[in-house]
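The values are calculated or read from the model by the stated rules, or taken from the named source; none is laboratory data. For clarity, every value in this text was computed on a predicted model and none was experimentally measured. Cβ coordinates were reconstructed from backbone atoms using ideal geometry, including for glycine residues, and neighbour counts include every protein chain displayed.
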Amino acid sequence: MPQDSSKSLKRELGVVGAVALGLGSIVGTGVFVSTGIAAGIAGPSAIISVAIAACVAVCNGLNSAQLAASHPVSGGAYEYGYKYLTPWLGFTAGWMFLVAKSASAATAALGFAGYLLNVLGISDRTYLVPTALAAVVALTLIVLNGVKRSNDVNITIVSITLLSLIFFIVAGLPTVFATNANFTPCVADADNPIGSVLQATALMFVAYTGYGRIATLGEEVQEPRKTIPRAIIITLATTMLLYIGVVVVGIGSVGAQTLGEVTSEQVAPLEIAARSFNIPGSGFILAVGAVTATLGVLLNLILGLSRVLLAMGRRQDMPKFVAKMNSSRTNPYIAVLIMGTAIACLVLIGDVRTTWSFSAFSVLIYYAITDLSALQISDEDRLYPKWIAWVGLSACLFLAFWVEQRIWLVGVGLIIAGLIWNAVRKLILSYTDNEG
């Protein structure tokens with residue numbers, strides 16, 4: 001269904017801007033927080049989890065690129081589900097995106113707060129949630145100014161983050177070579193080594209999924225058929241190299257158990273690892289990068305969430321007023337405010353493992369629908385082999401149920417609740433139209 005240009009967002013982003021948005025969305029909470037969570041679950045085998053998650057992310061990234069190039073509008077898998085599958089699968093994708101990425105954004109805000117408090121020398125955890133809430137409010141206000149200004153802030157954030165991570169890898173390698181005993185034993189849970197690796201893989205997969213922000217913002221990208229696939233592939237290749245380097249240095253310098261314990265207590269695992277380097281100020285440099293990275297993720301998540309809510313409002317899967325834009329058509333301001341409020345509520349949980357695990361289940365279901373949509377594209381329009389979509393679909397559905405049982409049970413419950421809400425709303429709209 002072609003979109004009315006008067007209701008469409010302006011195309012303002014090129015390859016560089018789209019890559020910056022992708023890197024800003026990926027390189028943040030995943031590398032600075034979830035690597036510690038994964039290390040605590042799988043031990044040194046978390047390195048294997050990072051590699052497996054990267055392979056799954058490549059398949060999903062190519063599927064997202066394929067779909068976004070063929071159907072470049074705001075909404076991501078929500079729109080793909082509607083176009084290539086069925087309305088109820090489209091709604092489920094949009095609903096799971098809102099749930100998953102709201103939880104990811106809350107984790108990013110808590111991660112930012114943990115690293116910032118460490119930089120300031122504040123060990124009292126009672127300041128963690130208030131600091132995270134302040135970050136959500138500030139970034140929501142920035143996003144309200146539109147995607148172009150948000151991207152200017154994002155490019156600065158990404159630059160600082162990448163420099164700090166490169167420093168972490170280069171500065172930490174001598175320590176890793178000197179203390180290679182931290183890589184044994186290979187697994188944290190000797191009774192269930194495969195299960196722990198798969199659970200860690202599910203959590204690490206989420207750390208790669210920021211590339212979807214490029215597809216979600218497809219309506220605002222110049223020459224989408226060329227720009228979107230190129231930007232996603234460049235973003236994933238850069239991120240994979242960073243993640244593997246960071247997780248090897250992090251575990252090798254202080255050990256997987258220490259990383260896991262620090263993540264639970266202070267939400268700042270890589271800063272603790274950096275303090276073991278024989279370079280003055282290493283911990284501070286890494287913490288500054290972590291602060292900017294988590295802010296970048298939060299910024300981009302608010303952007304992406306608001307665009308999906310915008311798309312759902314257009315189809316009336318959500319109340320129609322959420323699709324309202326400002327007079328210059330650069331910002332769905334009501335959607336931005338709603339998602340900022342939802343993220344703030346999730347921040348109140350105050351536990352990064354819970355919010356990140358919940359995000360993992362929901363985002364895996366979301367990308368399973370993306371992969372299923374990619375299978376429906378005709379051969380003449382296909383950019384990549386069909387088997388890539390099959391691999392992505394199988395991996396997402398398999399990994400989704402390796403998170404903690406209580407998490408995926410709540411996730412399934414939310415899917416059912418969302419579908420009931422959608423069905424009731426459709427009935428009410430249909431009844432209203434008939435009465436009119």
task = Go over the candidates I388, I377, I369 one by one and state the one that is among the β-branched types (V, I, T), within 23 Å of the chain's Cα centre (by Cα) and more than 26 Å from R353 (Cβ to Cβ).
result = I388
message = I'd like to check something: does the stretch 142-153 contain any residue that is at pLDDT 90 or above and either surrounded by fewer than 23 Cβ atoms within 10 Å (Cβ to Cβ) or of a type in the set (D, E, K, R) (or both)?
response = no
ask   = For the subset of the stretch 325-368 comprising residues that are under 20 Å from T29 (Cα atoms) and hydroxyl-bearing (S, T, Y), which member is surrounded by the most Cβ atoms within 10 Å (Cβ to Cβ)?
value = Y367
ask   = So is S394 over 25 Å from the mean Cα position of the chain (by Cα) and either surrounded by 10 or more Cβ atoms within 10 Å (Cβ to Cβ) or of a type in the set (S, T, Y) (or both) or not?
value = no
request  = Answer yes or no as to whether F277 is out of contact with any helix residue (DSSP H, G or I) (no Cβ under 6 Å at 6 or more places or on another chain) and either crowded, with 21+ Cβ neighbours inside 10 Å or within 17 Å of V119 (Cβ to Cβ) (or both).
outcome  = no
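Looking at the stretch 163-182, can you tell me whether even one residue there is farther than 19 Å from G289 by Cβ, modelled with pLDDT under 85 and in contact with a Lys or Arg (Cβ under 9 Å, 6 or more places away or on another chain)?
Here is the first cut: in the stretch 163-182, the ones farther than 19 Å from G289 by Cβ are 174, 177-182.
Going one step further and asking which of them are modelled with pLDDT under 85, we end up with 177-182.
From what's left, in contact with a Lys or Arg (Cβ under 9 Å, 6 or more places away or on another chain): none.
Scanning the stretch 163-182 turns up no residue that is farther than 19 Å from G289 by Cβ, modelled with pLDDT under 85 and in contact with a Lys or Arg (Cβ under 9 Å, 6 or more places away or on another chain).
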ask   = Taking the stretch 70-94, which residues are closer than 17 Å to G210 by Cα and in a helix (DSSP H, G or I)?
value = A77, Y78, A93, G94
Matching residues, the stretch 301-321, being surrounded by 23 or more Cβ atoms within 10 Å (Cβ to Cβ) and among the hydrophobic types (A, V, I, L, M, F, W, C) = L301, I302, L303, L305, V308, L309, L310, A311, M312, M318
note = In the set G252, G260, the lone residue that is under 23 Å from the mean Cα position of the chain (by Cα), of a type outside the set (A, V, I, L, M) and at negative phi is G260
note = Of the listed residues (I122, I52, I48), the one being outside any helix (DSSP H, G or I) and hydrophobic (A, V, I, L, M, F, W, C) is I122
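In the stretch 228-246, what residues are of a type in the set (V, I, T) and under 10 Å from V50 (Cβ atoms)?
Quick first cut of the stretch 228-246, residues of a type in the set (V, I, T) only: 228, 232-235, 238-239, 244, 246.
Listed by number, the residues that qualify are I244, V246.
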query = Which condition number does T263 fail, the rest of (1) among the β-branched types (V, I, T); (2) within 22 Å of I155 (Cβ to Cβ); (3) at pLDDT below 85 being met?
reply = (2)
query = Is at least one residue of the stretch 317-333 more than 20 Å from T92 (Cβ to Cβ), among the aliphatic types (A, V, I, L, M), part of a loop (DSSP other than H, G, I, E, B) and modelled with pLDDT of 85 or more?
reply = no
